[in-house]
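Taking it in order: structure first as structure tokens, then the write-up.
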Amino acid sequence: MTPAVTAEVEPPIDPKEAAILRAAFECFARYGLRRTSMADIAKVAGMSRPALYLHYEGKDHIFNALVRIHFERSEKAVERVLARPGPPAEILLAAFHAIDGDAVEAMLNSPHADEILSSNSPFTQPAVEAAYARITSHLADWIRHGVAEGRMTLTGLNATADEIARTVMATKFGIKAFATGFADYRAAQARVAAIFGKALSS
């Protein structure tokens, strides 16, 4: 049985919409995207199906909203992490965890992880692509500041801070493709953070 999960939804979202998103998150993790119905979501959210349709046209729109809100939350969390002092590897790993939040653990532990994570359309939303770009920019700024302050170096990497940031982000998201579960994913993240952290350390 899949454990109950909840989505973290940050205010100022409408309470009814927050309930819908939490219910949808739980249903997607429990049943997968294809098997989840609007009736399932309405039942878990404690409302009628007609009332649910007043907020969202369908489950795909709900899933898109979940992904969009997740990335908006992630950006704020990453900014806080990158403002902290610490070794590059430690901060990078904390940034990875900040990007994931609680949602990735629930999804990777879901028996429907492959189906959920293979859905690309939510990640091509302009708002999600913009948030991803801003997170990458925050990471590049963090590297630039570290180099300027003598805490990091780009010597020997033959790349700019922006190029390193893009590579780090691509690698961080790419490891989901071969992770066999959440524990394996976390271990891979730690390896990636250690590799990039060592390369950046002055």
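Assorted remarks:
- Neighbours of SER201, meaning other residues whose beta-carbon lies under 12 angstrom from its beta-carbon, give a summed charge of +1 when Lys and Arg score +1 and Asp and Glu score -1.
- Here region 25-110 is treated with +1 on each Lys and Arg Cβ and -1 on each Asp and Glu Cβ, and its dipole about the Cα centre works out to around 280 debye.
- Between 0 and 90°, nearest 10: helix 88-100 axis offset from the chain longest Cα axis: 10
- Build a GNM of the chain with springs between Cα atoms under 10 Å apart, and of ALA187, ALA98, ALA113 the one that fluctuates most is ALA187.
- Divided by 2.2 N^0.38 Å, where N counts the residues, the Cα radius of gyration of the chain comes to 1.12.
- Helix 126-148 axis versus longest C-alpha principal axis of the chain: approximately 20°, rounded to the nearest ten.
- Over the chain, relative contact order from alpha-carbon pairs under 8 Å, at least 6 apart, %: 22
- Net charge of neighbours whose Cβ lies under 10 Å from the Cβ of LEU33, counting Lys and Arg as +1 and Asp and Glu as -1: +1
- Cα gyration tensor category, rounded, prolate or oblate, for region 21-71 with a/c compared to 1.5: oblate
- The residue list SER137, LEU82, VAL147 was ranked by how far each Cα lies along the charge dipole of region 79-161 toward its positive end, using unit charges on Cβ atoms, and VAL147 comes out on top.
- Converting phi to 3J(HN,Hα) with the Karplus coefficients 6.51, -1.76 and 1.60 and the offset θ = phi - 60°, region 31-45 yields 10, x, 5, 5, 7, 5, 10, 5, 5, 4, 5, 4, 4, 5, 7 Hz in sequence order, with x at every glycine or proline.
- Among GLU75, GLU105, GLU57, residue whose mean-square fluctuation peaks in a GNM of the chain (springs only between Cα atoms under 10 Å): GLU57
- Probe 1.4 Å - accessible area at ASP100, Å² to nearest ten: 0
- Ligands, DNA and RNA aside, LYS16 has an accessible area near 130 Å² when probed at 1.4 Å.
- Helix 182-200 axis versus longest C-alpha principal axis of the chain: approximately 30°, rounded to the nearest ten.
- The distance linking region 178-202 with region 33-93 is 24 Å (Cα centroid to Cα centroid, whole angstrom).
- Under 20 Å from the Cα of LYS43 - lysines, other chains or at least 8 residues apart: LYS16, LYS59
- Under the simplified labelling scheme, the HIS145-TYR31 pair shows an inter-label distance of 4.5 nm, with each label point 7 Å from Cα along Cα→Cβ.
- Most mobile listed residue (VAL78, VAL168, VAL44) in the chain, GNM with C-alpha springs under 10 Å: VAL44
- Long-range amide H partners of SER201 with built H, under 5 Å: THR153
- Here LYS176 is the anchor, and no lysines lie within straight C-alpha reach of less than 19 Å, apart from those fewer than 8 places off in the same chain.
- Its Cα centre serving as origin, the chain has a Cβ charge dipole (Lys and Arg +1, Asp and Glu -1) of approximately 220 debye.
The values are calculated or read from the model by the stated rules, or taken from the named source; none is laboratory data. Please read all numbers here as calculations on a predicted model, not as lab measurements. As a convention, Cβ positions derive from the backbone with ideal geometry for all residues, glycine included, and neighbour counts pool all protein chains shown. Note: areas computed on protein heavy atoms with side chains; ligands, DNA, RNA excluded. Shrake-Rupley method; radii C 1.70, N 1.55, O 1.52, S 1.80 Å.
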